[in-house]
Amino acid sequence: MSNYRKGVQLKANEVSVFALGGLGEVGKNMYCVQYKDEIIVIDAGIKFPEDHLLGVDYVIPDYRYLIDNQDKIAALIITHGHEDHIGGIPFLLRQVQIPKIYSGKLATGLIKNKLEERKLMKKANLLDLNPDTVIETKHMKVTFFRTNHSIPDSFGLAVHTPEGVIVSTGDFKFDFTPVGPAAEYAKIAALGAQGVLCLLSDSTNAELPIFTISERRVGESLNDIFKKIESRIIIATFASNVHRVQQIVEACIKTGRKIAIFGRSMESAIKIGREYGYIVAPDETFISAHEVKHLPASEVTILCTGSQGEPLAALSRIANGSHRQIQIIPGDTVIFSSSPIPGNAISVGKTINALYRSGAEVITHSPLTDIHTSGHGGQEELKLMLSLVRPKYFMPMHGEYRMLSIHTELAAQCGVPKENSFVMNNGEVLALTSDSARIAGRIPAGTIYTDNSGIGNVETETIRDRKVLSEDGLVIVAVSVKKQDRRLLNGPNIVSRGFVYMKESEDLIKNTEQLVRDTILKKLNGQKSWQPEEIKAAISDTVSPFLFERTQRRPMILPIIMEI
């Protein structure tokens, strides 16, 4: 029996669907379809850390199940090139053998860039997919349909199994006047007409009772704004939103402006976008940083990262005056062609305040400007997808719990019985046959914190230690002991870092030193053999409650015993 069947009770003919990431959260998307001894993996994303995850660069899924069952993996299929769908690939390839990775042309370019940086290209077998691609495995077949999103080459897919068809939408919206190719509505409807066993659908904007505005409308608004501005324009957007970047480029060309690019991810996105033909502009449209000051303000646009107020992004550094090459000139117009992601509003607000303080005019997205639209469908689009696909069973994905729950309510409005909708957690397995669906147990599906510097995974204990250090500081207790006759020679000496100001806390430090001295002498007199670890533990166990009693804070205690 495989590790899979030990943890989950499956019948011989059941197809299993489960997520290693992406349920109950927005990010680290990773979904799997398994039939017998074959697994199709859909996406391998990351999630960016929340504020309390100090020193963590990325959050990735726990790959234990795939490590244990890598001989069953038939392919990894990438729906599109956003970080929450491709960012985990380098981490995955270090631990799991993936025979084939299928992705759209632009996603392939972005993945190659990641793997080349990390010297992992030899581990990857990258294959381009298009809407006509058909992947056939021993038991299953995968077909594709084009969707609209905020990045080109976005695909939904249908996994054809012996028990029925499982459709995954990927991230999508319905844009009837898109920038780029239209979604393949006929293919989606044809799948529904043939019969779909289960639908996995994007839930990101399930709370919004809207039909998302077209990306082309954003381009028209940007053109209108650019025509009215005579000063230098600084515009920030998501680097991965290639359609938006192309529209900004077109607006600059129409108004006779040159574009200077700032921010590593923006430079990379434009380089790859131009290489693959998604961003089209004459070479002379783009200028270097040192050319900016030699052109009239009305002929310059600065395109940069930092639309979410990220402290190290180009726009934030420009706003606070720490950018080496660009400073705000009073009269500059700064455009945020984005909306704050939940949790980023405070950071964005700080950046906007700094820009105003420097003399800039700031334009943000509002009902009057229409300079941003989401790449995810609102409720009306989600209902349209449900109506086209007409699934027998429904499993909302890509969203926090409330988003998934609301999506099931929309499904009920579209004719999916409530008992046929499943709000799942990462690791829970949905077992399907042509006429049944049930939750069949769990597989390992935790969260891994990782440090992108190459140090590796960041353990939970490390996060806890960092939290203690950030909130309560560090107390170092250093003593010298003569090992031979177990005699205290020097100290204890106490050093505080981030706990208390030593000069203003002399009595507390002296009392702590006396307490440590008494503790060490007691341990030394009571030991039959030299046990330094016992002494360190005794110091921590004594000092921590003593300091908490007097300060209501629990600093990290670091005992150092120098053996003479």
Odd one out for I561 among (1) modelled with pLDDT under 85; (2) in a strand (DSSP E or B): (1)
Going residue by residue through the stretch 354-375, is there one that turns out to be within 30 Å of L197 (Cα to Cα) and surrounded by 14 or more Cβ atoms within 10 Å (Cβ to Cβ)? yes
Given the conditions (1) crowded, with 22+ Cβ neighbours inside 10 Å; (2) over 20 Å from the mean Cα position of the chain (by Cα), every one holds for T237 apart from (2)
Would you check if V165 is closer than 25 Å to C32 by Cβ and either open to solvent by 20 Å² or more (accessible area, probe 1.4 Å) or among the β-branched types (V, I, T) (or both)? yes
Pairs needed: first member in the stretch 472-486, hydroxyl-bearing (S, T, Y); second member anywhere, outside any strand (DSSP E or B); C-beta distance under 6 Å; at least 6 residues apart or different chains. S480/I564
Show the residue pairs that are 6+ apart or on different chains and have beta-carbon atoms under 6 Å apart, the first residue being within the stretch 426-446 and more than 12 Å from V8 (Cβ to Cβ) and touching a residue at least 12 places away in the same chain (Cβ under 8 Å), the second being assigned to a loop (DSSP other than H, G, I, E, B) and among the hydrophobic types (A, V, I, L, M, F, W, C). N426/A445
Could you please let me know if A431 is more than 19 Å from the chain's Cα centre (by Cα), modelled with pLDDT of 95 or more and either open to solvent by 20 Å² or more (accessible area, probe 1.4 Å) or within 17 Å of G399 (Cβ to Cβ) (or both)? no
Can you name the residue in the stretch 91-104 that is modelled with pLDDT of 95 or more and surrounded by 17 or more Cβ atoms within 10 Å (Cβ to Cβ) and, of all such residues, is nearest to the chain's Cα centre (by Cα)? L92
Among the numbered criteria (1) of a type outside the set (K, R); (2) without any contact (Cβ under 8 Å) to a residue 24 or more places away in the chain; (3) touching a Ser or Thr at 6+ places or on another chain (Cβ under 7 Å), which single criterion is violated by P545? (3)
Reported set for the stretch 376-398 where residues are surrounded by fewer than 19 Cβ atoms within 10 Å (Cβ to Cβ) and in a helix (DSSP H, G or I) is E380, K383, L384, S387
T108 vs. criteria at pLDDT 95 or above, touching an Asp or Glu at 6+ places or on another chain (Cβ under 8 Å), surrounded by 17 or more Cβ atoms within 10 Å (Cβ to Cβ) and more than 25 Å from P396 (Cβ to Cβ): yes
Please enumerate the residues belonging to the stretch 151-162 that are farther than 22 Å from V26 by Cα and open to solvent by less than 10 Å² (accessible area, probe 1.4 Å). A158, V159
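For the stretch 434-448: of the residues being in a loop (DSSP other than H, G, I, E, B) and of a type in the set (A, V, I, L, M), which is modelled with the lowest pLDDT?
A445
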Cross-chain or 6+ apart pairs with Cβ under 9 Å, the stretch 113-129 first and closer than 22 Å to M266 by Cα and touching a residue at least 40 places away in the same chain (Cβ under 8 Å), then assigned to a helix (DSSP H, G or I) and open to solvent by less than 60 Å² (accessible area, probe 1.4 Å): N113/S268; N113/I272
Kindly indicate the residue of the stretch 449-462 that is open to solvent by 40 Å² or more (accessible area, probe 1.4 Å) and of a type outside the set (G, A, S) and also modelled with the lowest pLDDT among those meeting that condition. I455
Name the single residue that is farthest from D370 (Cα to Cα) among those in the stretch 318-347 being in contact with a Gly (Cβ under 8 Å, 6 or more places away or on another chain) and not hydrophobic (A, V, I, L, M, F, W, C). Q327
Just the residues that are open to solvent by 30 Å² or more (accessible area, probe 1.4 Å), farther than 14 Å from L20 by Cα and under 27 Å from the mean Cα position of the chain (by Cα), please, taken from the stretch 410-428. V423
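The values are calculated or read from the model by the stated rules, or taken from the named source; none is laboratory data. Remember, it's a predicted structure, so these values are computed and weren't measured experimentally. So basically every Cβ, Gly included, is an ideal-geometry build from the backbone, and we count neighbours across all protein chains shown. Ligands, DNA and RNA are excluded from the accessible area calculation, which covers all protein heavy atoms including side chains. Shrake-Rupley method; radii C 1.70, N 1.55, O 1.52, S 1.80 Å.
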